[in-house]
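Asker: The structure under discussion is supplied below as structure tokens; questions concerning it will follow.
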Amino acid sequence: MSKNGENIGIVGVGYVGLVTATCLAELGHNVVCMDIDSEKIALLTRGGVPIYEPGLAELIGKNRGRMTFTTALEDVFRQCEIVFIAVDTPPTFTGDADLSRVFAVISALPGLSSSHHILVMKSTVPVGTGMKISVELARQEINNIDYVSNPEFLREGSAIGDFLNPDRIVIGCREAAARQRVAALYRHMNAPVLETNIPAAEMIKYASNAFLATKISFINEIANVCEEIGADVAEVAKGMGYDKRIGSHFLKAGIGFGGSCFPKDVAALKQIAGNSGYHFQLLTAVIEVNELQKRRVVNKLKKHLGPLTDKTIALLGLAFKPNTNDLREASSIVLASRLLGDGAYVKAYDPVAIPDAARAVRGVLLCDDTLSAVEGSDAAVLVTEWEEFAHLPLADMKKRMRQYLIIDGRNFLDPAEVKAAGFTYEGIGRS
Ligand code: UDX
């Protein structure tokens, strides 16, 4: 072990797990990464990286000497006193989080842990889970494990920067010694550390994501009203954002939020409230507005093109946001299926998500670049604001498209430039 480093186990090397492992290694700790997916572990052992995240491959390369990979949970508990759980907690059909992977680890503990361990929960788990786990550990008469809730707030696409320069570090735990030990892992970071109890730590994560999602649905509704009254939502958001109480972040109108966190966490918080007898009315609206927002582009297309039967629509971008290949809950999936349902042909190009897209957007013709995607199309829809779309090859697109319509689902393009090139332009909430 390095001089100031701890031996840390990471169970589950999905998005959060792998970024956490890599950044903890960067902070000088030795990490043992475990996953049940043997192909993923084999790939990581060979030096490969299973996800696309800017800077991650380089940081893994730099810290390779402090990172080992295994499929055996025993290895983790044998070598590490502090063990992070970062398995995924996908939504079930009711909106509740599926905790089977978390409890698979908990139920394996009796055979694994003879010495003292600190179990640190990074996965987003419903409020109350930490208490449930504590009760389960007590039931199994396991007294040598402390439980810590340490939620993660990183964003895909800027995950490393977010991890290493967080706005805050939240540590929920009953035992002061374990809390301080986990806090010490982050001691070189310049961020406020909130030490609290387990339910509050769990709730901070849900409430933060739900609030941000609420901000997005709010500005999307403002955008929809702006379209009716002739205001530009970007100007409105700018004016609102100067108010420090509101802030300028998360006020970008578009075709809805997606990804692995917001849709899941908002649904889960609504469900957590519902299960405890409280109807969280506001979140119900946030979810509904988001679903409707994804579909608004279809009406915009119909307004210009008439019925979409046999029309060809090109989607530019498929990932739920730029700088990631993640398609989970991406607006592109709903949009593509609505367009196909309306009888349109759908083509698509994304700079990095194409290899993963074949399964996610069935029936869509996947293309290698923008120009192939727009070939023979009646409209192009900008779905993800990838940097390479900032200046589209408009002159060449015009030569290839059948009709000259661009719907800018992220208000990313310069309307004047698009119009000057001879296209009809429509954004979201732009007069
Ligand atoms: C989010 C949270 O930001 C992060 O703290 C948490 O840990 C995980 O969930 P992430 O899902 O990676 O992170 O993406 P984020 O950048 O927050 O964007 C989420 C979605 O909201 C994207 O689909 C994005 O396009 C959309 N969005 C975001 C908007 O539509 N408008 C905005 O103003 C901001």
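Asker: Name the helices (runs of 4 or more DSSP H) wholly within the range 168-284 that hold at least 1 residues that are in contact with a strand residue (DSSP E or B) (Cβ under 9 Å, 6 or more places away or on another chain)?
Answerer: Working: elements: 176-185, 198-229, 233-241, 262-275.
Ranges flagged: 176-185, 198-229, 262-275.
Asker: Collect the residues in the range 102-135 that are closer than 23 Å to PRO263 by Cα and buried (at least 18 other Cβ atoms within 10 Å of the Cβ), keeping them in residue-number order.
Answerer: Result: VAL102, MET121, LYS122, SER123, THR124, VAL125, PRO126, VAL127, THR129, GLY130.
Asker: Among the residues of the range 301-349, which ones are closer than 16 Å to GLU375 by Cβ and crowded, with 20+ Cβ neighbours inside 10 Å?
Answerer: Hits for the range 301-349 are LYS311, THR312, ILE313, ALA314, LEU315, LEU316, ALA344, VAL346, LYS347, ALA348, TYR349.
Conditions tested, residue by residue: (1) at pLDDT 95 or above; (2) of a type in the set (A, V, I, L, M, F, W, C).
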| site | (1), (2) |
| --- | --- |
| HIS188 | no, no |
| PRO192 | yes, no |
| ALA201 | yes, yes |
| ILE287 | yes, yes |
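Asker: May I ask you to verify whether GLY343 is more than 19 Å from the chain's Cα centre (by Cα), more than 16 Å from the ligand (Cβ to nearest atom) and farther than 24 Å from GLY258 by Cα? Even if it seems obvious, please write down each step before you answer.
Answerer: Details: more than 19 Å from the chain's Cα centre (by Cα): yes; more than 16 Å from the ligand (Cβ to nearest atom): yes; farther than 24 Å from GLY258 by Cα: yes.
When the stated conditions are applied, GLY343 passes them.
Asker: Among the numbered criteria (1) surrounded by fewer than 17 Cβ atoms within 10 Å (Cβ to Cβ); (2) touching a helix residue (DSSP H, G or I) at 6+ places or on another chain (Cβ under 8 Å); (3) of a type in the set (Phe, Trp, Tyr), which one does PHE93 miss?
Answerer: For PHE93, the exception is condition (2).
Asker: Next question. Name the residue that is farthest from VAL236 (Cα to Cα), counting only residues in the range 197-220 that are away from the ligand (no atom under 12 Å from the Cβ) and surrounded by 16 or more Cβ atoms within 10 Å (Cβ to Cβ).
Answerer: That would be ILE198.
Asker: So which pairs qualify, if the first residue must be in the range 216-241 and at negative phi, the second must be acidic (Asp, Glu) and surrounded by 19 or more Cβ atoms within 10 Å (Cβ to Cβ), the Cβ gap must be under 8 Å, and the two must be at least 6 apart or on different chains?
Answerer: Taking only residues 6 or more apart or on different chains, not a single pair turns up.
Asker: Which of the residues that make up the range 395-431 are of a type in the set (A, V, I, L, M), more than 16 Å from the ligand (Cβ to nearest atom) and within 18 Å of LYS302 (Cα to Cα)?
Answerer: Taking the range 395-431 first, the residues of a type in the set (A, V, I, L, M) are 395, 397, 401, 405-407, 413, 416, 418, 420-421, 428.
The next check asks that each one be more than 16 Å from the ligand (Cβ to nearest atom); those that pass are 395, 397, 401, 405-406, 416, 418, 420-421.
Within the range 395-431, MET401, LEU405, ILE406 meet the criteria.
Asker: Return yes or no: is SER372 part of a helix (DSSP H, G or I), of a type in the set (S, T, N, Q), outside the structural domain of ILE51 (by TED's automatic domain parsing) and touching a helix residue (DSSP H, G or I) at 6+ places or on another chain (Cβ under 9 Å)? Steps first, answer last, please.
Answerer: On the way: part of a helix (DSSP H, G or I): yes; of a type in the set (S, T, N, Q): yes; outside the structural domain of ILE51 (by TED's automatic domain parsing): yes; touching a helix residue (DSSP H, G or I) at 6+ places or on another chain (Cβ under 9 Å): yes.
Considered against the rule, which asks whether it is part of a helix (DSSP H, G or I), of a type in the set (S, T, N, Q), outside the structural domain of ILE51 (by TED's automatic domain parsing) and touching a helix residue (DSSP H, G or I) at 6+ places or on another chain (Cβ under 9 Å), SER372 comes out as yes.
Asker: Could you list, in sequence order, the residues of the range 140-166 that are touching a Phe, Trp or Tyr at 6+ places or on another chain (Cβ under 7 Å) and in a loop (DSSP other than H, G, I, E, B)? Lay out the reasoning, then the answer.
Answerer: Restricting attention to the range 140-166, the residues satisfying the condition of being touching a Phe, Trp or Tyr at 6+ places or on another chain (Cβ under 7 Å) are 154, 156, 162, 166.
If the condition is that a residue be touching a Phe, Trp or Tyr at 6+ places or on another chain (Cβ under 7 Å) and in a loop (DSSP other than H, G, I, E, B), then LEU154, GLU156, PRO166 are the ones that fit.
Asker: Within the range 285-328, take every residue that is charged (D, E, K, R) and outside any helix (DSSP H, G or I) and give me the one that is nearest to GLU388 (Cα to Cα).
Answerer: Just the residues of the range 285-328 that are charged (D, E, K, R), to begin with: 288, 291, 294-296, 300, 302-303, 310-311, 321, 326, 328.
Among the residues that remain, those that are also outside any helix (DSSP H, G or I) are: 310-311, 321, 326, 328.
Working: ASP310: 29, LYS311: 26, LYS321: 13, ASP326: 18, ARG328: 22 Å.
Per the stated criteria, the residue is LYS321.
Asker: Let me ask something else about it. Could you list, in sequence order, the residues of the range 71-119 that are closer than 18 Å to LYS40 by Cβ and assigned to a strand (DSSP E or B)?
Answerer: Residues satisfying the conditions are PHE84, ILE85.
The values are calculated or read from the model by the stated rules, or taken from the named source; none is laboratory data. Model, not experiment: these values are computed from the prediction. With ideal geometry, Cβ positions are generated from the backbone for all residues, glycine too; neighbour counts draw on all protein chains shown.
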